[in-house]
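First the structure, in the form of structure tokens, and then the observations on it.
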Amino acid sequence: MEVIDTTSYADSVTATLVEELCLRFENEVIAVQSYCDGIPVLWLKRDGLIIVMQYLRQSASIRFQMLFDITAIDERVRVNRQGQPESDFTVTYHLMSFTHNCDIRLKVALLDADLVMPTISNLWPNANWYERECWDMFGITFAGHPNLTRIMLPPTWKGHPLRKDHPARATEMEPYSLSAERQIVEQEALRFNPEEWGMRRDSKNSEFMFLNLGPNHPSVHGVFRIALQLDGEILVDAVPDIGYHHRGAEKMAERQTWHTFIPYTDRIDYLGGVMNNLPYVMAVEKMAGIVVPERVKVIRVMLCEMFRIASHLLFYGTFAQDVGQLSPVFYMFVDRERVFNIIESICGARMHPGWFRIGGVAQDLPNGWDKAIRELLDFMPARLRDYDSMVMNNGILKRRTQGVGAYGVKEAMDWGITGSGLRACGMEYDFRKQRPYSGYENFEFEVPIAVNGDCYDRCAVRVEEIRQSLRIIRQCVDNMPSGPYKSAHPLTTPPLKEKSKLDIETLINHFLSVSWGPVIPPNEVTMTIEATKGLSSYYLVSDGSTGSYRTRIRTPSFAHLQMIPQISRGFMVADLIAIIASIDFVMADVDR
Amino acid sequence: MVWEVGSPLSIGAILFTVIIVAAMLIWVERRLLGLWQERLGPNRVGPFGLLQVVADMIKIFAKEDWVPPFADKFSFVLAPPIIMFVILMSFTVIPFAPGVGVIDSDVGVLFVLAMASLGAYSVMLGGLASNNKYALLGSLRAAAQMVSYEVFMGISLLGVVALTGSFNLRDIVIAQTDGWFIIPQFIGFLIFMIAGIAESHRLPFDIPEAEQEIVAGYHTEYSGMKFGMFFVGEYLGVLLISSLLVVLFFGGWLGPAFLPPIVWFVLKTSFFIAFFILLRAAIPRPRYDQLMTYGWLFLLPLSLLNLMITGAFVLWQEGGM
């Protein structure tokens, strides 16, 4: 197996931790493995999970502050498992340490007859939704979970879609029809019953009003529902309900080839464009052992930062709009249009170019590509100053957003908050600095932070990030390396044409890698990037085939929405709107 | 003479003009907002998009006249005409120019305030009859906001009334021949303008219909012509408040003689309409409780202070004479 490890940031640190854990928990740890991403994988006995988790959180030499992800793998038809313990369903836990800047993955093997796990939602509050998702998608029960119900799919759904025996295409299922009786059943399942949402109908003094905000509402930015329990206009509770934008992207990844899944990633965080391609192609490249040329890295960074600006501008405008300011969004859309014009001139498409490729990018930069970018770089700073005086220095906006929806670093880590939401409460943590990828270590930029962690600060951090992105783009334009726009590695897709017409063998190889796509060696990898909204991560499992065996997309928005009840109780309806605007989520990024 | 206050021709012309202007304001606002927001606004139907209003009218008249089954039908249908009616009634006492007006009332100021208070019923009835929670929140907000701001609105006008010694709007204009009331009554002007925006619930005080928070507030369930009446009613409100500002503080039709009085009135009113639209483009919306606190703790004492100083001034002047 060819593995080229490019991230050795924490290897020696985690090695001692793994030794420590093996010694201390010799009865609980079944096996230790490592894959090309350098994250140690510990197989645990089911009964040992809680104590190991507790130890890792509270008293290990390296403490893990954040539960980054929980997911599962249906192992029943997987080949090339390379000495992994016998398992039908594997539940994997991904923990992240901010103090030591490293990760660890814990796995628990479950057999088909006994798909029960202990819940860790009392240890990590954000485990709640992740465990619900696991139950929804795989049918794994989490004993002791407070509310183990469907989260993505409708309450009446039969089956668990990420199981390998669940159909992946509509043509594999019976044609959908909705009879009158069935409709009644479906309607009845949607009936709102406050008790099921953990709400009481009245208190000693008053009767509560329940307000259904969404799934279609002007301020929920997509299809997102929040059930509100109101006392007058004061929020007693606000319970988010997601899943209206669920398209089964992870399931689609299993039926697409490595190459043909790239355009689907664009549509995960649909404001992030090619930035979504990046963690995916870098993950595949790491498994394939492809090292991309410098020019590719810089082109990728440049386009990602373009999309960061476009996404932040949209956030900025809608944030102002949601607190009632009508105009800024129009100015910012004009700027966004400029950014998209540049992206279109380079990629040929605007919002979802799907332009990164395994081992490179789709084409080289066009002639004269830098002219429009330089114009943008000269144009934007003055506009941003205007926006500061229009939005950020506006007294009414300050009174609406300062002190609203605030949380601290500890809370943020408990709930898995990353990105600007984490930086706004004073944690200087940016993946581009902490664990540079795609050559970010070569750029000069600051990581803006704020101290209060309220709506205003979350916006202020993003505004400053636009400036830093402009700075990065200027460095890209000034120092664009020459060289090829894709790697010469044989697994590069599409493969280099020059190598194809030498003899019949090269022609056949070329034909196969274009028609079937590349065969990626068996491996597992997690690739995380600092996306527009926080840490976006792809966890890919290859069993040596032309497509992914399991693709897990850990998105920042999913984690952020789970925190809404926590930070909005006691505020007014108008404040809730400011809070959800300041979170900056995209429903496609939540539901996938 | 046919052109005198209260003649049928005068009444007809004023009614027609006011409604047409209010409808055209929809186009004016969209074009002006477009200008200020780096975009074009409606420019496709007719020259400069002027016929957009006609197209909208055709659409709105051709829409199904829909009353939701869960609504209280009687009040639901009653609510939109009320707002049209009360605002149009308010226009009867506005002195547009010498000889142009519907009635010359000695209680003009009081009449306008009374009609404005009735406008609150339209919004409250609309929200309650809809039987929709968003509409309910909207009408609760509207009731609180309109009732509070009416208080300051009334008090802010009393300075002008004290200076003139009359509730007759025509007398108030004539009393400004030597100087507009904007100078002695600047504070009154500011308070009246703020209260006026709150009365016509336009951004930044569009809390009863805050789109981002409560969808469309009290008119969430309305569509077709019934929505159209709320919509035109809002623009009638803008027109009314602008006319009142001109009459009370900016000398009404008074101006240098090279233009006829009615033109001066129209020009001054247009300025305030444009100003209201600019405000909408520029300012975010305060929170409901912030607006109420601002009103009761800041505007109310200020308007009382203004009234007391004006009263003292008037008494002092009378004593001095």
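The values are calculated or read from the model by the stated rules, or taken from the named source; none is laboratory data. All values reported here derive from a predicted model rather than from experimental measurement. As a convention, Cβ positions derive from the backbone with ideal geometry for all residues, glycine included, and neighbour counts pool all protein chains shown. Note: accessible area is taken over every heavy atom of the protein model, side chains too, but ligands, DNA and RNA are not part of it. Shrake-Rupley method; radii C 1.70, N 1.55, O 1.52, S 1.80 Å.
Table for the structure above
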item: Percent breakdown of C-alpha pair distances by 5 Å bin, ordered from the shortest bin, for the stretch A:196-333; result: 2, 8, 11, 13, 14, 13, 11, 10, 8, 5, 3, 2, 1, 0
item: Per residue, the convex hull volume that the Cα atoms of the stretch A:1-120 enclose (Å³); result: 107
item: Cα shape, the protein assembly as shown, gyration tensor, a/c 1.5 rule; result: prolate
item: Stretchable slack from A:Glu498 to A:Asn27, in nm (0.36 nm times residue separation minus alpha-carbon distance); result: 164.0 nm
item: Charge context of A:Asp370, other residues only, Cβ under 15 angstrom, K/R +1, D/E -1; result: 0
item: Accessible area of A:Glu344 in the full protein assembly, 1.4 Å probe (Å², nearest 10); result: 80
item: Accessible area in the full protein assembly, largest first, 1.4 Å probe, for A:Met199, B:Met84, A:Met173; result: A:Met173, B:Met84, A:Met199
item: Positions from the stretch B:263-291 whose accessible area shrinks by 10 Å² or more when the full protein complex is built, not the chain alone, probe 1.4 Å; result: B:Arg280, B:Ala281, B:Ala282, B:Ile283, B:Pro284, B:Arg285, B:Pro286, B:Arg287, B:Tyr288, B:Asp289, B:Gln290
item: Long-range amide H partners of A:Ile30 with built H, under 5 Å; result: A:Trp43, A:Leu44, A:Lys45
item: Overall Cα dimensions of the stretch B:217-319 - principal axes, largest extent first, Å; result: 58, 44, 25
item: Ranking by accessible area, most exposed first, for A:Thr257, A:Thr16 with a 1.4 Å probe; result: A:Thr16, A:Thr257
item: At R0 = 25 Å, FRET efficiency that the Cβ-Cβ distance of A:Arg374 and A:Glu441 yields, to 0.05; result: 0.55
item: Estimated translational D of the stretch A:249-591 in µm²/s (Stokes, Kirkwood radius over Cα pairs; 10 °C; 1.306 mPa s); result: 76
item: Axial C-alpha extent at least 15 Å, average Kyte-Doolittle at least 0.0 - helices from chain A (DSSP); result: A:11-24, A:277-288, A:294-322, A:328-347, A:504-515, A:573-583
item: Modelled label reach - A:Met480, point 7 Å along Cα→Cβ, the stretch A:408-439 residues with backbone N closer than 18 Å; result: A:439
item: Length added when fully stretched, A:Thr149-A:Arg169, from 0.36 nm per residue minus Cα-Cα; result: 4.8 nm
item: Helix runs (DSSP H) in chain B reaching 20 Å along axis by Cα, Kyte-Doolittle at least 0.5; result: B:8-36, B:73-91, B:108-130, B:133-164, B:224-249, B:261-282, B:300-320
item: Overall form of the stretch A:366-487 per C-alpha gyration tensor (a/c, 1.5; a/b vs b/c); result: oblate
item: Sequence of A:Arg474, A:Arg191, A:Arg462 from largest to smallest accessible area, 1.4 Å probe; result: A:Arg191, A:Arg474, A:Arg462
item: Probe 1.4 Å - accessible area at A:Lys286, Å² to nearest ten; result: 20
item: Heavy atoms of A:Arg338 accessible to a 1.4 Å probe, total area in Å² rounded to 10; result: 90
item: For the stretch A:436-592, convex hull volume per residue from C-alpha positions, Å³; result: 154
item: Estimated translational D of the stretch A:79-214 in µm²/s (Stokes, Kirkwood radius over Cα pairs; 25 °C; 0.890 mPa s); result: 132
item: Förster-model FRET efficiency, 41 Å R0, B:Leu305 and A:Lys410, C-beta, rounded to 0.05; result: 0.25
item: Cα convex hull volume per residue for chain B (Å³); result: 146
item: Whole-angstrom gap from the stretch B:227-246 to the stretch A:289-332, using each part's C-alpha centre; result: 41
item: Above-threshold pairs, the threshold being 24 Å between Cα atoms, out of A:Lys251/A:Lys497; A:Lys297/A:Lys433; B:Lys226/B:Lys268; A:Lys204/A:Lys398; A:Lys371/A:Lys433; result: A:Lys251/A:Lys497; B:Lys226/B:Lys268; A:Lys204/A:Lys398; A:Lys371/A:Lys433
